[in-house]
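These notes concern the structure reproduced below.
The values are calculated or read from the model by the stated rules, or taken from the named source; none is laboratory data. Keep in mind that what you see is a predicted model, and the values were worked out from it rather than measured. Cβ placement follows ideal geometry from the backbone for every residue including glycine, while neighbour counts extend to all protein chains displayed. Note: areas computed on protein heavy atoms with side chains; ligands, DNA, RNA excluded. Shrake-Rupley method; radii C 1.70, N 1.55, O 1.52, S 1.80 Å.
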Amino acid sequence: MNISMYTCYALGLDFDNPVAAFKHFYNKGIRYGDIVDDELSDIPLHLYCDYLKEAGIIPDALVSMLDVASFDEKLRQKNIARVKGYIDQMEKLNIPILMTAPSVNPARSDDDFKKMKELMIESFSQIADYAKGSGITVAIENQSSLTRADSKTEDLVSILKAVPDLRFIFDTGNFFCIGEDAKEAYEHLKDKCVHVHCKDWKIDPFGKFVRENIPRFDGAILGEGNIPLRELIALMKKTGYLGNLVLEINSPNITLDMLDKSADFLNREVVI
């Protein structure tokens, strides 16, 4: 396993330029980086990759938040076309994984939920089919809301079965938000898992976030929250997971100290 990170965190810190920011994390043992498509409005993808590579970091995934499961068919197809455009760029830049995380409105009824799931399957099928032969793996991540069709283990299993070329990105924190056991969920999904987002939560009565089964909480330094990250990483090792572990913190106030301590945690756990 290698250590990666959401590279957008580095850009939010007080460094002189993107290369200096990325180089700091290279020196902390980060060798790979995930890119979120929101960042590409400011920095073109090819230039973003140049900055990472100059710092010694290899771009390993692009995270797209475009709503490819929108009930608005015109918008859905527009977003699918934009994702296909990312695939074209990724092929040229040797970025191997595309994460599809549609920004969907919550399902307000069982019929809405069923339709959302059907649209996800249809859209992911289109995107995965387009990526064939490109060397790019298209993957879906578990989300953190019971009103989404890409959150519960049983729904993810059925979507992955319906789209055989689709793969899975395991978010260690999101199952916790819907009351599912992350270790048990991983066991059901491990054969499709190609990437892991390592996230930790700290329950806090004055926290900034409210999710399904937790009143309030905030993103924590990895290894210091309520997620059993050490046990999860040990399980991944035991089951032969060989992909990357991605440093992720969901907090409105991410600091350099939080990121550095989280990087140290991942490096320790990988070598143990």
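Applying the Kirkwood pairwise sum to the alpha-carbon positions of the stretch 2-143 produces a hydrodynamic radius of 16.0 angstrom.
Within the listed set PRO102, PRO205, PRO18, the Gaussian network model of the chain (springs between alpha-carbon atoms below 10 Å) gives the highest mean-square fluctuation for PRO205. Given a 1.4 Å probe and every protein chain left where it sits, what share in percent of the accessible area of the chain is carbon and sulfur? The nonpolar share, carbon plus sulfur, comes to 49 percent.
Rolling a 1.4 Å probe across the protein heavy atoms gives the stretch 90-202 an accessible surface of 41 Å² per residue.
When only Cα pairs below 8 angstrom with a gap of at least 6 residues are kept, the chain shows a relative contact order of 17 percent. Peptide packing: for 109-115, 30-36, the average count of neighbouring Cβ atoms within 10 Å per residue gives the ranking 30-36, 109-115, highest mean first.
Dividing the summed -39500 (n - 2.57) terms of all DSSP H runs of n ≥ 4 by the residue count of the chain sets its mean residue ellipticity at 222 nm at -13000 deg cm²/dmol. Solvent exposure of the stretch 213-260 amounts to 43 Å² per residue of accessible area, where only protein heavy atoms count and the probe is 1.4 Å. Measuring only protein heavy atoms, the 1.4 Å probe finds ASP37 accessible over about 10 Å². Local charge sum around ASN253 (other residues, Cβ-Cβ under 9 Å, Lys/Arg +1, Asp/Glu -1)? Charge balance near ASN253 sits at 0. Computed over protein heavy atoms with a 1.4 angstrom probe, the accessible surface ordering of HIS24, HIS46, largest first, is HIS46, HIS24.
Residues of the chain were split at every exposed loop site, defined as GluC sites (Glu not before Pro) in a DSSP loop with at most 15 other C-beta atoms within 10 angstrom, and the longest piece left, sites excluded, is 1-211. Beta-bridge orientation, the chain: approximately 10 percent antiparallel, per DSSP, counting only bridges with both partners inside. ALA101: net charge of surrounding residues, Cβ under 9 Å, Lys/Arg +1, Asp/Glu -1, itself excluded? Here the count lands on -2. Classify the stretch 211-259 as rounded, prolate or oblate, taking a ≥ b ≥ c as the square roots of the eigenvalues of its Cα gyration tensor: rounded when a/c is under 1.5, otherwise prolate if a/b is larger than b/c and oblate if not. Cα axes put the stretch 211-259 in the oblate bin. Taking the full set of protein chains and a 1.4 angstrom probe, give the accessible area of ARG230 in square angstrom, rounded to the nearest 10. The accessible area of ARG230 comes to roughly 120 Å².
Count Lys and Arg as plus one, Asp and Glu as minus one, and take only other residues whose Cβ is under 15 Å from that of PRO205; the net charge is then +2. Shape class for the stretch 145-248: oblate, because the ratio a/c of the largest to smallest gyration tensor axis (alpha-carbon atoms, square roots of eigenvalues) is 1.5 or more and b/c is at least a/b. Under 1.5 on a/c is rounded, so check that first for the stretch 101-189, then, if it is not, pick prolate when a/b is larger than b/c and oblate when it is not; a ≥ b ≥ c are the square roots of the alpha carbon gyration tensor eigenvalues. Oblate, because a/c is 1.5 or more while a/b does not exceed b/c.
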